[in-house]
């Protein structure tokens, strides 16, 4: 469940709710003191790569949008890879999380569809939690990168590195 909890910790807390939960945990974990509305941005890439850049607070509507994109990708591809880039995450927004977890739980049966998960994080605690998640889900290939390694991370998740 790549980046379901964008902050891999989201996957750990519910004890591996789903790989999707991890990816969206990555998204969910974004809480910003700036109150900006541009919390996440989808990055255009291959059809089998869900790539998202998260910066700031993410809402339940944002999670629905990301989840919908993941579901479409999973229906169309035997393997889905995840690229999650986080910037200055300082908390977790609780609103919308219960709905997200309920929607992500059925993906437990589809963990085998997740391939490579690249997490680019400017904060050490997110990188550490991603490594812990990687240990919990050893059949999914995780790699952690620092912001200066964005290009390398995206190339790796696409299978080009």
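The numbers here are math on the coordinates, done by the rules we state, and not lab data. Fair warning: this is a prediction, and the values are worked out from it, not measured in the lab. Every residue, glycine among them, receives a Cβ derived from its backbone with ideal geometry; neighbour counts consider all protein chains shown.
By the count of neighbouring beta-carbon atoms within 10 Å, fewest first, 144, 120 end up ordered 144, 120.
Here the residues 156, 125, ranked from fewest to most Cβ neighbours within 10 Å of their Cβ, fall in the order 125, 156.
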